[in-house]
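Coordinate-derived values only; no laboratory data. These figures come from a predicted structure and were not determined experimentally. Virtual Cβ from ideal backbone geometry, glycine too; neighbours counted across all protein chains shown.
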Amino acid sequence: MKYRDLIFDLYGTLVDIHTEENDLVWEKTALYFGFYGAAYSGEELRKAFSEAMAAREAKAGQSYECFPDIPFEQVMAELFRQKGITEHADRLGINAAQLFRITSIEYIRLYPNVLEALGALRKRGYRLWLLSNAQQIFTAYELRHLGLGRQLDGIYLSSDYGCRKPDVRFFRALLKEQGLEPKSCLMIGNDLHTDIAGARAAGLDTLYMHTNLTPPDQREADPALHPKYAPEGCHHFEYEGYDWAELAELIMG
């Protein structure tokens, strides 16, 4: 394939993850709040968080496109302050956010052959970028745990930019900061509405992966757009599954 720069989504593309933000997760997080004098029940914390997040998103959405992304830990810190806990509120918010995430994860793992595939692509001369709708306070540590960070030339997380895919500004931030030419880029992701629609609006070619984490209302990959069979001059490809050993070979052509 004709590209120099490969831009990857994370969850559902490189990483298989399952989280459950259930009552127990909120209760455990509320217990942490209580240890530091901020008394909430699990349900009270869930409601307060939802209201605080919605208020911030509404305010952000008034000034730019309708896909804002608010740092999770900032909202947690605000909830400490609402209970009068102002000393070290920012640090407590970070800890509460990480506790919430860790408690909610049932499993997190790379799809098979991801590290080998990324290594092969780098050896072939491709530059590899991550562009993920993700919270820095969670994902930076998960990338370290999974061993992904050292395989990537740059990492772009939506919470650091205040907007998320499909907001075209998020794609343009990567293009501008790294001096990338859109025609040299291929965006690879598992969501037609965020990864693919946003990338195409930014002028990028795209590869849609239909995986186990693709939203259930989205269709399977079209065999006619498989990288091996797509017509000459195609700017959008589709692939069923997450066989990264095969997919890397197809990209390298």
### Task
Evaluate the distance, in nm, between pseudo-label points positioned 7 Å from the Cα of H226 and of E21 along their respective Cα→Cβ axes.
3.7
#### Entry: Residue with peak Gaussian network fluctuation, the chain [Cα springs, cutoff 10 Å], from L192, L99, L207
L99
### Task
Report ³J(HN,Hα) in whole Hz for each residue of segment 4-21, in order, from the Karplus equation J = 6.51 cos²θ - 1.76 cosθ + 1.60 where θ = phi - 60°; Gly and Pro get x.
9, 10, 10, 10, 10, 6, 10, 6, x, 10, 9, 10, 9, 9, 9, 10, 10, 8
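Taking R0 as 25 Å, what's the FRET efficiency between Y107 and M53 from their Cβ-Cβ distance, rounded to 0.05?
Values: r = 26 Å, r/R0 = 1.02.
So, using R0 = 25 Å, E works out to roughly 0.45.
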### Query
Which order do peptides 51-57, 163-169 fall in by mean Cβ count within 10 Å, highest first?
163-169, 51-57
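Can you give the charge dipole size of the chain about its Cα centre, rounded to the nearest 20 debye, using +1 on the beta carbon of Lys and Arg and -1 on the beta carbon of Asp and Glu?
Details: 27 positive and 37 negative charges, 178 e Å.
I would put it at about 860 debye.
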### Query
Using Cα atoms only, what is the angle between the long axis of helix 114-123 and the major principal axis of the chain, expressed in degrees (0 to 90) to the nearest 10?
50
### M252 versus S184: modelled label distance in nm, points set 7 Å from Cα along the beta carbon direction
2.1
### Query
Structure shown: which of K47/K176; K47/K165; K123/K176; K59/K165; K28/K165 lie over 29 Å apart, alpha-carbon to alpha-carbon?
K47/K176; K28/K165
#### Entry: Orientation-averaged projected area, Cα convex hull of the chain (nm²)
13.9
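Can you give the alpha-carbon Rg of segment 14-121 over 2.2 N^0.38 Å, where N counts its residues? Walk me through the intermediate numbers first.
Values: Rg = 16.8 Å, N = 108, 2.2 N^0.38 = 13.0 Å.
Rg over 2.2 N^0.38 Å, computed on Cα atoms: 1.29.
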### Query
In the chain, with Lys and Arg counted as +1 and Asp and Glu as -1 at Cβ, which of these residues, L207, G147, I105, has the Cα nearest the positive end of the dipole, that is, farthest along it?
G147
### Query
For D90 and H145 in the same chain, what is the full-extension length gain: residue separation times 0.36 nm, less their Cα-Cα distance, in nm?
17.4 nm
### Task
Using only alpha carbon pairs under 8 Å that are at least six residues apart, calculate the relative contact order of the chain and give it in whole percent.
24
### 0 to 90° range, to nearest 10: angle between helix 23-35 axis and the chain longest Cα axis
50
